[in-house]
Amino acid sequence: MGAQSGNSWQIVFTPQAENNFLLEEFIENFFTASTCDYNEDGKILYTGYLADKSQEEDMKKAAVAWGLKLPDYKCEFIPAANWLTKNVIKFPPLETQDFYIYGTHEEQIPDNTKHKLRIYAATAFGSGQHQTTRLCLELLSQLYHQGFSPNNILDMGCGSGILALSALKLWTNATAVAADIDNEAVIVSLQNAADNDLQQRLLAAAGDGYNNDTVIKHAPYQLIFSNILARPLTEMAPHLSSCLNIGGYTILSGFINEQSEWVLDAHRKQGLQLVKIIENENWRAALMEKIK
């Protein structure tokens, strides 16, 4: 999701029972900022943001030009201060086996031996991303404690860079590339790296998936994170495999139970095998190894 500046209008579409690919493509192209999430029933929640309510009519006209019948939606005004309060400041710290990840607003940090990450939270967590981030960190810890030691890591769809930075905390000789289609995510990841004294070991670059010069230049990788959504996970499976060393691992998340086989099969066809799949509510994360 892109940055919001000033007041905005939020367009919340009626939850969809299944993927509406035309709607998804329209939202990504029309709105400068948008989100795709899932509710507890597994239905897909599409949301877009407008700078001005007058753009609502532009949205309707654009949908007609696309041949798209828009689902029902609500248009809600969001003052800038409220958006920041709800989406940037108020999120709880994320604590796992090895990590304590907290926002820049936190003043009291526990005195324990866990690896600590201070994160600017504008793009750190969404309603689903908090659960999937936790799942990815759990699988990351499993790899670490079983003795796996990568030296080159990719965080595809990095958001705020949490996964890449967490991996760099564990493996002090490793370097990582953080990639995202959103330039704001790249800026935030670099800032978070600097805030945690990891800037010398993290590269970040915006690009369209694996069509990214920095990603290509530094391939192959021993570990690839991809915490995005089911559709792009399946579409990018061949590119992920081509950038992953044999014997390397990928940690995939951002999909729900009903989408698990779809995502896993796309990667099995590219020479990866499932090591473990874990869950948090209806969200899933998979650890897969490239075997050929």
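The values are calculated or read from the model by the stated rules, or taken from the named source; none is laboratory data. This one's a predicted model, so the numbers in the text were calculated from it and none came from an experiment. All Cβ positions, even for glycine, are placed from backbone atoms using ideal geometry, and neighbour counts span all protein chains on display. Quick note on the areas: whole protein, heavy atoms, side chains included, nothing else; ligands and nucleic acids left out. Shrake-Rupley method; radii C 1.70, N 1.55, O 1.52, S 1.80 Å.
Worth a mention:
- Cross-link partners of residue 116 among lysines, defined as those whose alpha carbon lies under 20 angstrom from its own and excluding same-chain residues fewer than eight positions apart: 90, 169.
- Bridging of residue 74 to lysines at a Cα separation below 19 Å is possible for 43, 53, 60, 61, 86, once same-chain residues fewer than 8 apart are set aside.
- Rounded to the nearest 10 square angstrom, residue 41 shows an accessible area of 130 square angstrom against a 1.4 Å probe.
- Remark: accessible surface ordering of 109, 27, 216 (largest first) is 216, 109, 27, probe radius 1.4 Å.
- Computed P(r) (all Cα pairs; segment 139-261; 5 Å bins; percent): 2, 12, 24, 25, 21, 12, 4, 0, 0
- Accessible area ranking (1.4 Å probe, heavy atoms, ligands and nucleic acids excluded), largest first, for 289, 138: 138, 289.
- Spin-label pair residue 141/residue 268, simplified geometry with 7 Å Cα→Cβ offset, distance in nm: 2.9 nm
- Only beta bridges with both residues in the chain are counted; by DSSP, about 60 percent of them are antiparallel.
- Computed over all pairs of different Cα atoms, the Kirkwood value for the hydrodynamic radius of the chain is 19.6 Å.
- Amide H within-cut-off set for residue 248, under 5 Å, with H built and near neighbours excluded: 290
- Each residue of segment 280-287 is assigned a 3J(HN,Hα), and the resulting list reads 9, 6, 9, 7, 10, 9, 10, 9 Hz, derived from the Karplus form 6.51 cos²θ - 1.76 cosθ + 1.60 (θ = phi - 60°), x at Gly and Pro.
- With protein chains left intact and a 1.4 Å probe, residues in the chain average 47 Å² of accessible area per residue.
- The order of the peptides 169-179, 63-73 by mean Cβ neighbours within 10 Å, most packed first, is 169-179, 63-73.
- Rounded to the nearest Hz, the phi-derived 3J(HN,Hα) couplings of segment 159-165 under the Karplus curve 6.51 cos²θ - 1.76 cosθ + 1.60 (θ = phi - 60°) are x, 8, x, 4, 5, 4, 5, where x marks glycine and proline.
- Residue 58-residue 257 FRET efficiency (beta carbon distance; Förster radius 30 Å; 0.05 resolution): 0.20
- 3J(HN,Hα) couplings calculated from phi for segment 247-257 with the Karplus curve 6.51 cos²θ - 1.76 cosθ + 1.60 (θ = phi - 60°) are, in sequence order, x, x, 10, 10, 10, 10, 7, x, 10, 9, 3 Hz; Gly and Pro show x.
- Within the full protein context, the accessible area of residue 14 is estimated at about 60 Å² for a probe radius of 1.4 Å.
- For residue 8, residues with placed amide H under 5 Å, excluding near neighbours: 78, 80
- Accessible area (Å², 1.4 Å probe, nearest 10) - residue 208: 100 Å²
- The fraction of accessible area contributed by carbon and sulfur in the chain is 47 percent, rounded to a whole number (1.4 Å probe; ligands and nucleic acids excluded).
- Cα-based reach from residue 276 at 18 Å (exclusive), listing aspartates and glutamates while leaving out same-chain residues under 8 positions away: 138, 258, 261, 265, 289
- Candidate residues 239, 130: accessible-area rank, largest first, probe 1.4 Å: 239, 130
- Between the beta carbons of residue 216 and residue 173, assuming R0 = 22 Å, the FRET efficiency works out to 0.45 to the nearest 0.05.
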